[in-house]
Amino acid sequence: MTSGPVQVTGRVLSLKRAGAYHHLTLVAEGVAERTHPGQFVALAVGDRNSPMLLRRAFSIYRARPSGAYGGSVEVVFAVHGAGTAWLSQLRQHDEVDVVGPLGHPFALPKQPVSCVLVGGGYGSAPLFGLADRLKERGCAVHMVLGAATGDRLFGALEAKRSARSVTVTTDDGSVGIEGLVTDPLPDLLGRTGSEVIYACGPMAMLRAVSAVSAEYGVWSQCAVEESMACGIGVCMTCVLPVVGDDGILRLTRSCVEGPVFGGDRVLWDAVGTVPEGTWGAPAGAGH
Amino acid sequence: MSVPGPVLPSEVDLTTSLAGVSLPNPVLTASGCAAAGRELDQFFDVADLGAVVTKSIMLDPRSGRPTPRMAETPSGMLNSIGLQGPGIDGFLASDLPWLLRRRARPVVSIAGSTLGEYAELARRLGNTPGVTAVEVNISCPNLENRGLVFACDRHQAARVISAVRRDTPRGVPVLAKLSPDVTNIVDIAESVVDAGADGLVMINTLLGISIDPETMRPVLGGVTGGLSGPAIRPVAVRCVWQVHQAMPDVPIVGVGGIRTGADALEFMLAGASAVQVGTVIFNDPSAPTRVLEELRVELAARSFKAAREAVGFAHRGDVPR
């Protein structure tokens, strides 16, 4: 497998609605064959003179190395601002500058253990490719998908084909169990004897998933959705407080060292601060 | 003066001299937009650039500021990173050797909170072979002067440059990177040149604030941030123009919002002998080498046989071509 990202001009193969989200498929040569589940692409928005300079980062939902039109990557997004609004207006054959695949993928277990995959909103997107890899290794895959409302669930039907069991939660109870995506986790971990939780979604969800995994003594792999300017490790904007293998707490780039982190390594409560003891933090009463 | 007539892009002589050091071409990275080159080397060969300007190195490791650290603005962005970095020891142990192994020309940007820190950094670098030039980031708060930014005071700016020049080997140029947030940039430029700066880099970011209308609070964790990107290009070109006009013999590196070869040419016409590509790298990681190739085409299209012929050309409006 080739490694490292490439920068290519992608072409829109399709753009479809998926509930509250958009599902974009781009033909992008050389990206798919390098992709591992959990990695992301950084897309430029607008034309070459676009006033929006910062790339938008999206988890890779599907990566197909070959197809009728060449290798393709798929992403799922919600319209949050002008950049995603531009993406939502793309038409077939439009060009999009793609950099990817980027970041560290999900680490896979060496043994065929049972795994729980937790997705919040469109955070479930990277979990389907992951489920395939896990099943190839003989792992039993259980999925928990949650969202605020039913139309903000992504891939609930696909999950039924992909996973041994699927649990759905919504905050308003419109679909599945009323409550948070972490509510069914203790019971599910007990029933399935799972040893790993994989999660992707909003920061608050990842914090809660990490807390559950710590409480029940299972390993967790969390993919963060931090905003980034470049996606390739040069801008230093997407940092989180993370404890490294050497035990040192650093503000760590989620694009290069992440987006997947061990849930026990991230100081979830301290995101957005420079916690005391961080490597290079101002000593004493600094700012 | 170039003789009018067809010039092929491949025939354009791109070599440039940066305060006595010759570079194969005038396109550099801008400090803080290329880390120490390693990440960009995945997209192009960093040795193809005139030089790689590193993110500003401080004496000690630095965590930087809390997030959010950036806000997108029209044709630009605000950043509030707070000079996160490994400190000089980490840089000398890892980043600089890597750049030299890759045969890139490293211009090392240094930043300090006190005069003593700048001097110590210069001494540490002065003992290290392979540094093409030292770029002095003086847009830092001076902890010994009520946190006022060195670059905004002609005397403080000069003291820093003089200290760095004293401890930097003769053959290594010291470049002062100036802030546009001053009343009279020519005044600051003259002061740092008198203090021994071999060249000037213009401009650093402009100070800005972005407020989120939803939360009704500043977007950035650090409240204020530096504005960069194409939005600031006319300000940067103006600074280069004014300083070149006042001191035509002082080498200038132009930086601020360069996105295309035509933008790079604009800086050269204003008086820059080299340029730096910065924020646009976030948009296009291949931008530095793309700008270089586009600049070659732009120069050829105007019958410039050598890049240096374009330097300051816009000031010579009375000379027919």
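Some observations on this one:
- In the protein assembly as shown, the DSSP beta bridges split such that about 55 percent are antiparallel, to the nearest 5.
- Each of the trypsin sites (Lys or Arg not before Pro) that DSSP puts in a loop and that has at most 11 other Cβ atoms within 10 Å breaks chain A; the longest unbroken stretch is A:111-287.
- Within straight-line cross-link reach of A:K135, aspartates and glutamates at Cα separation under 18 Å, skipping those fewer than 8 residues along the same chain: A:E158, A:E195
- Accessible surface of chain B, 1.4 Å probe, proportion on carbon and sulfur as whole %: 53 percent
- Spherically averaged projected area of chain B from its Cα convex hull (nm²): 16.0 nm²
- Projecting the alpha carbon convex hull of the stretch A:114-225 along each direction and taking the average yields 5.9 nm².
- The stretch A:147-188 and the stretch A:14-52: distance between their alpha carbon centers, rounded to Å: 25 Å
- For the pair A:L180 and B:R238, label points projected 7 Å from Cα toward Cβ lie 5.1 nm apart.
- Over all pairs of different C-alpha atoms in the stretch B:174-215, the reciprocal of the mean inverse distance, the Kirkwood hydrodynamic radius, equals 11.9 Å.
- Surrounding net charge for A:M236, when Lys and Arg each add one and Asp and Glu each subtract one, Cβ distance under 15 Å: +4
- Database note for chain A: Cys without another Cys beta carbon under 4.7 angstrom, A:C115, A:C139, A:C200, A:C222, A:C238, A:C255.
- The protein assembly as shown - convex hull of alpha carbons, volume per residue in Å³: 160 Å³
- For the stretch A:6-102, the fraction of alpha-carbon pairs in successive 5 Å shells from zero, as %: 3, 15, 27, 28, 18, 8, 1
- Per residue of peptide B:277-288, the mean number of Cβ atoms on other chains within 10 Å of the residue Cβ is 5.
- Residue (of A:P112, A:V181, A:F154) at the positive-pole extreme of the stretch A:87-201, dipole from beta-carbon charges: A:P112
- For chain A, projected area of the alpha-carbon convex hull averaged over all directions, nm²: 15.9 nm²
- Other residues lying with their Cβ under 11 Å from the Cβ of A:T169 contribute a combined charge of -4, Lys and Arg counting +1, Asp and Glu -1.
- Rounded to 0.05, the FRET efficiency of the B:R102 and A:R164 pair, given R0 = 56 Å and the Cβ-Cβ distance, is 0.70.
- Toward the positive end of the charge dipole of the stretch A:114-225, with +1 on the Cβ of Lys and Arg and -1 on the Cβ of Asp and Glu, the farthest Cα among A:C139, A:S213, A:G190 is that of A:C139.
- Rg to Rh, two decimals, where the stretch A:232-287 supplies the alpha carbon set and Rh follows Kirkwood: 0.96
- Pairs of alpha carbons in the stretch A:28-71 separated by more than 13 Å make up 60% of all such pairs.
- As computed over the stretch B:95-232, the Cα convex hull volume per residue (Å³): 142 Å³
- Chain A: relative contact order in percent, alpha carbon pairs under 8 Å with at least 6 residues between: 16 percent
- Counted residue by residue at 0.36 nm each, then reduced by the alpha carbon distance between them, the extension gain from A:D151 to A:A214 reaches 19.6 nm.
- Couplings 3J(HN,Hα) of the stretch B:229-239, computed from phi: x, x, 4, 9, 4, x, 5, 5, 4, 4, 5 Hz, in residue order, whole Hz [Karplus 6.51 cos²θ - 1.76 cosθ + 1.60, θ = phi - 60°; x for Gly and Pro].
- Listed residues A:P126, A:A63, A:A223: farthest to the positive end of the dipole of chain A (Cβ charges): A:A63
- P(r), alpha carbons of the stretch B:47-129 - 10 Å bins starting at zero, rounded %: 16, 41, 31, 11, 0
- Summary value for chain B: 23 percent relative contact order, contacts being C-alpha pairs under 8 angstrom separated by 6+ residues.
- With R₀ fixed at 51 Å, the C-beta to C-beta distance from B:D249 to B:I211 puts the FRET efficiency at about 0.70.
- Residue by residue along A:271-278, Cβ atoms of other protein chains within 10 Å of the local Cβ number 3 on average.
- Rounded to the nearest 100, the interface formed by chains B and A buries 2900 square angstrom of accessible surface, both chains summed, with a 1.4 Å probe.
- Chain B: angle of helix B:287-301 to the longest principal axis, Cα-based, in degrees nearest 10: 30 degrees
- Neighbour net charge for B:I57 - beta-carbon separation under 12 angstrom, K R +1, D E -1: -3
- Relative contact order (%) - the stretch A:164-287, alpha-carbon pairs under 8 angstrom, separation at least six: 18 percent
- Computed from point charges on the beta carbon alone (+1 for Lys and Arg, -1 for Asp and Glu), the dipole magnitude for the protein assembly as shown about its Cα centre is near 720 Debye.
- 0 to 90° range, to nearest 10: angle between helix B:115-126 axis and chain B longest Cα axis: 50 degrees
- Crossing angle, helix B:154-166 versus chain B [Cα axis fit, 0-90 degrees, rounded to tens]: 80 degrees
- The residues of the stretch A:114-225 expose, per residue, 39 Å² of accessible area to a 1.4 Å probe.
- B:R166-B:D187 pseudo-label distance in nm [points 7 Å out on the Cα-to-Cβ vector]: 2.6 nm
The values are calculated or read from the model by the stated rules, or taken from the named source; none is laboratory data. The model shown is predicted, which means the values in this text are computed figures rather than measured ones. Here the Cβ is made from the backbone with ideal geometry for all residues, glycine too, and neighbour counts use every protein chain on show. Accessible surface areas use protein heavy atoms only, side chains included; no ligands, DNA or RNA. Shrake-Rupley method; radii C 1.70, N 1.55, O 1.52, S 1.80 Å.
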